[in-house]
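Encoded as structure tokens, the structure appears first; notes follow it.
The values are calculated or read from the model by the stated rules, or taken from the named source; none is laboratory data. All values derive from a computational prediction rather than experimental measurement. We place every Cβ from the backbone using ideal geometry, glycine too, and count neighbours over all the protein chains shown. In case anyone asks, the SASA skips ligands and DNA or RNA and just uses the protein heavy atoms, side chains included. Shrake-Rupley method; radii C 1.70, N 1.55, O 1.52, S 1.80 Å.
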Amino acid sequence: MKQKFFLFVFAILTAGMSGCSTASIDTLSPADITIAELEKRTNAAIDPEGRFAVCGSYIMRQEITEKNLLNDDDIKMVEVKFEKPDKIALITYEDNEPDSVFCTNGKQGWVASHRSRKIIQLDEKGLERMQMLTRLGQPGNSSYSAVFARVELNKCVNDDGEFYRVDCFNGSSEYPVSFYIDSKNYLTRMVKMKFTAPSGAVINYTNRILKYEMREGVQIPMSTVIDQDGTVQESKVIFYRLNPKFSADEFLPPVFKSVSRRPVIGGDI
């Protein structure tokens, strides 16, 4: 599920933007392959030597650029740290300084803002979302059904080509996360989803993979374009490594001299 995790991260980190967007129409037909066979072929394509499946940790850094017509481009760096079985930290940097942190030590989860010097401890629902993220990124976890409550598979043709479309539903959510798997090489080419922002608005999210590269024996989506209701960002992976060593406090929120802690699902901090 590695590719899914890399792409799914952006929906969490960029929630709340708005604008307008258009989408091509999917023509669906029954799949000529089972979901188990599709997962097998996808795993062989992205992890041919099985290095990712057996690794105990990884780190990845991505540079995200948002184009501005009148001002300089907005450039951020996102660092992802993962350690088995269920520890994860997502850190956003601006001007080489940490700006925000999403993290869990497997038992508790937090969102922290360096700018406001506030820490929010996630409630049960927020922690469940974070744990879903860790399951998506967990090495050796290659099953859609292990992460999502319901999975539907169809063949799909649209303006971008021919795919297997995997629609994944989680809990009571009415909107699926849709993964578009290339029908020829079995690599994920696009992810689409809708989610409700803290403001209550329904956000349309699309992530298109432009380029893959082999890093440490693993196919990594090196270059992607994210469209979130008309706000477009470009992302490229600038660093990736398997099996780094982490200290326990790297999956805890930062320590500020004076902090505000309150349990919530989300919202501005």
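Phi angles across the stretch 59-67 convert, under the Karplus curve 6.51 cos²θ - 1.76 cosθ + 1.60 with θ = phi - 60°, into 3J(HN,Hα) values of 9, 9, 10, 10, 9, 10, 10, 10, 6 Hz, Gly and Pro given as x.
Normalised by the number of residues in the stretch 143-229, the average gap of Cα pairs under 8 Å and 6 or more apart makes the relative contact order 16 percent. Working note: Karplus 6.51/-1.76/1.60 with θ = phi - 60° gives the stretch 81-94 the couplings 10, 9, 9, 4, x, 8, 9, 8, 9, 10, 10, 9, 10, 10 Hz, where Gly and Pro are set to x.
Solvent-accessible area per residue in the stretch 53-98 equals 53 Å², computed with a 1.4 angstrom probe and all protein chains kept. Normalised by the number of residues in the stretch 32-82, the average gap of Cα pairs under 8 Å and 6 or more apart makes the relative contact order 29 percent.
The solvent-accessible area of residue 99, taken with every protein chain present and a 1.4 Å probe, is close to 30 Å². In this simple spin-label approximation, residue 35 and residue 170 carry label points 7 Å from Cα along the Cα→Cβ vector, and these lie 1.5 nm apart. Protein heavy-atom surface of the stretch 61-175, 1.4 angstrom probe: 41% of the accessible area is carbon and sulfur, with nucleic acids and ligands not counted.
Please go through the residue pairs 192/236; 107/155; 40/194; 84/184; 194/236; 192/257 and name each one whose alpha carbons sit more than 30 Å apart in this structure. Violating the 30 Å limit, Cα to Cα: 107/155; 84/184; 192/257. Solvent-accessible area per residue in the stretch 109-257 equals 47 Å², computed with a 1.4 angstrom probe and all protein chains kept. Classified by the C-alpha gyration tensor, the stretch 73-189 has a prolate form. Its axis ratio a/c, with a ≥ b ≥ c, is 1.5 or above, and a/b is larger than b/c. A full extension of the chain between residue 241 and residue 75 corresponds to an added length of 57.5 nm, given 0.36 nm per residue minus the alpha carbon distance.
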